[in-house]
Amino acid sequence: MKNTIAQRILDFLKGFPPFNALNHEQLFAIASEVKVLYLEKDTFVFQENDTLHDSFYVVKDGAIGVFKGEKLVDKCDEGDIFGLRALIRKDHYLLDAKAIEESIVYSISAKLLEEIINNNPKANQFLIASFATNTRNPYNIEGRGTLYATEAILQPEASSFTEVQSANYSKNPVVCNPEITIKEASLIMSQNKVGSIIITKNKLPIGIITDKDLRNKIATGLHAITENVKAIMSSPVITFPEDISVAEAQIAMLKNDISHLCITKDGTTNSELIGILSEHDIIVINGNNPSVLLKEIKRANSAESLKYIREKAQELLKGYLKKNMPISFISKIISAINDAITKRIIDLSITEIGKEPPVSFAWLAIGSQGRKEQLLFTDQDNALVYEDVIEESKTKAYFLKLATLVNDKLAIVGFKLCPKNMMASNTKWCLSVSDWNSQFTNWITQPDEEKIQLCNIFFDYNFVYGNQKLVNQLSESIYKAIDNHKIFLNFMGRNALKSPPPLSFFRHFLVEDSGEHKYQFDIKFRAIIPLVDAARVLILSHNVKDFNSTIARYQKLIELEPQNKDIFESCIYAFRLLLRFRTKQGLKHNDSGQFIDVKNLSKSKKLKLKGCFKPIKDVQELLNARFKLSQLL
């Protein structure tokens, strides 16, 4: 006789993870052993300190509230799993679970749970994610092994490429002393069939010559081969310790525009040379090499050609995400490419003007690019600072013209003009050092909502082009002003709490209630920006400079506030997941990835996102207590 009850249970379960990952035979076996519980309102399924049941539970109809004392900490509705944590921990219940309305609940055997975990990787992935996002103490990494459905646990087949993977370098570098001639050094390179030779003194690296130096400095007639090697060597060399990662090597080569790194015992130029690492030694997944794109950028002669290169970088980004490479590594690579494009555009714009800048200046990327978190084609935010001069009007006119050309070319590449005009072509964002100092002093000493927003954008700056000393002067002035007006941080803290929480009281995603994106979830302003804002104000409260990315700020805060290590670590994990999720959404829909159609997300993806929201709440509570914001609200 056909088991119609089991079939109805099967039809329900197959619509929800992890059961949708099971085959029909496995699912029918589970459905046949399900116990159906009919619960009146306020009926308990289990209570705190109860002995462990041999089952976990799935809500069929109604709603089950999970309570800590009188406080509702979770609401489980159709398809949600509860009672899982205690089974995995093999411990008594730590919370109460009771019906908050008339409900039907399926009780599933713990033995069947073990079979799911052991025999189905996808189901296993979901259950562990569920455990990670619902653990009572969400910050104790050592106690539970996972944290907020981390990238590693949610991607069991992830690539072995990680930021800490050590690069393979040549342990027999070809060297010479600084007194030999270029001809002698070239013969040594030829005999050893290598493209570089390191000049050492007392086993310490002091310079390097590559094939490129021989082509550009010898073949062109600039130097004679009878000259000493010191005449053409590049010095000082860039050094790293032997445990340099592939990611670090690629970033160093991109940043310094070099093809070789020297490996020394302690990573400095003051210790013995032990190896050489060339870009040919760097194997990039699927043959994608950002260094190639960098070279193409330097050869580009128009914004249109740079647009084509940046589109190729998007393909590189897709490949990195597909291979599950760490988001921190991806951010550094794409940011290096974005900076290189900006530098090339500035050079092209100066050439177009036909006249060199009248005084030294610096170009700053601000906002997400300044934090090195601009992975997609989003709006551009930038600023320009130039040296103080007597002929202010003519100087400013030149830099406004330059900035306008740069902004327009960046728009051609794909970075849209900022709708709020926070760009260097705006007279308020193209100022001398003194004028910037005056403007910032006004923002800090007389803060209002608009000025706080402007400060938030500008504090996330990254020096891209020009004279960094100007930026250093500006930075010193800003931090001095903050130090003299501590109350400013309280206003920044209050502003950081303005982003509404991601979830409603009943743990539903808070979506837009009107406009173009009605019923969509704003992942930028409801999830990412709160973490960004919190990191910014907390790092400023320590008067710490040069930590401008969100992850770097939280990592520094762990060092500065070890008592809050668990909170900051959870923020790092959450931020990485959110940034990865937004980037994937943006690539999928060919947009900024800011607005998410929650209805089209799978249960497991919703679970991942919800797991990232607890750190937002906790770090905002930390801000509230730190700056006594309840007194300002």
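The values are calculated or read from the model by the stated rules, or taken from the named source; none is laboratory data. Values in this document were obtained by computation on a predicted structure and should not be read as measured data. Every residue, glycine as well, gets a Cβ built from its backbone with ideal geometry; the counts of neighbours run over all protein chains shown. These accessible areas exclude ligands, DNA and RNA; they are computed on the full protein's heavy atoms, side chains included. Shrake-Rupley method; radii C 1.70, N 1.55, O 1.52, S 1.80 Å.
Over 32 Å between Cα atoms, which of K75/K451; K556/K605; K396/K480 qualify?
K75/K451
Which value at 222 nm does the chain reach when only helices count, each DSSP H run of 4 or more adding -39,500 (n - 2.57), with the total divided by all residues and rounded to the nearest 500 deg cm²/dmol?
-14000 deg cm²/dmol
Using a 1.4 Å probe and ignoring any ligands, DNA or RNA, find the accessible area of H517 and quote it in Å² to the nearest 10.
Ignoring ligands and nucleic acids, H517 comes out at about 50 Å².
Take every Cα-Cα pair in the chain and report what % of them are more than 32 Å apart.
The proportion of pairs with Cα distances above 32 Å equals 59 percent.
Starting from the residue with the highest accessible area, list T264, T378 in decreasing order, probe 1.4 Å.
From most accessible down to least: T378, T264.
Hey, if you drop one equal point scatterer on each alpha-carbon of the stretch 322-471 and run the Debye formula without solvent, what base-10 log of I(q)/I(0) do you get at q = 0.09 Å⁻¹?
Relative scattering, expressed as log10 I(q)/I(0), comes to -0.28.
With N set to the number of residues, divide the alpha-carbon radius of gyration of the stretch 515-596 by 2.2 N^0.38 Å and report two decimals.
So the Cα radius of gyration is 1.24 times the expected 2.2 N^0.38 Å.
Taking the Cβ-Cβ separation of T404 and R215 as r and a Förster radius of 41 Å, what is the calculated FRET efficiency to the nearest 0.05?
0.60
Structure shown: which of K68/K610; K230/K545; K498/K606; K401/K584 lie over 29 Å apart, alpha-carbon to alpha-carbon?
Over 29 Å Cα-Cα: K230/K545; K401/K584.
Give me the tail of P(r) for the stretch 431-524 as a percent: Cα-Cα pairs with distance above 17 Å.
61
Name the aspartates and glutamates eligible as straight-distance cross-link partners of K409: C-alpha to C-alpha under 14 Å, and not fewer than 8 places from it in the same chain.
Within the straight-line limit of under 14 Å, K409 reaches these aspartates and glutamates: E304, D339, D347, E352, D379, D381.
Determine the sum of side-chain charges near K394: Lys and Arg each +1, Asp and Glu each -1, restricted to other residues whose C-beta is under 12 angstrom from that of K394.
Charge balance in the 12 Å sphere: +1.
At a 1.4 Å probe, what is the % contribution of carbon and sulfur to the accessible area of the chain?
49
Please give the peptides 611-617, 105-111 ranked by average Cβ packing (other Cβ atoms within 10 Å per residue), highest first, as a rough proxy for protection.
My ranking of the peptides, most packed first, is 611-617, 105-111.
Return one whole number: the accessible area per residue of the chain in Å², for a 1.4 Å probe.
47
For a distance above 13 Å, tell me the whole-number percent of Cα pairs in the stretch 342-400 that qualify.
Taking all Cα-Cα pairs of the stretch 342-400, the fraction more than 13 Å apart is 67 percent.
Below 8 Å between Cα atoms, with a sequence gap of 6+, how large is the relative contact order for the chain in percent?
This gives 10 percent for the chain.
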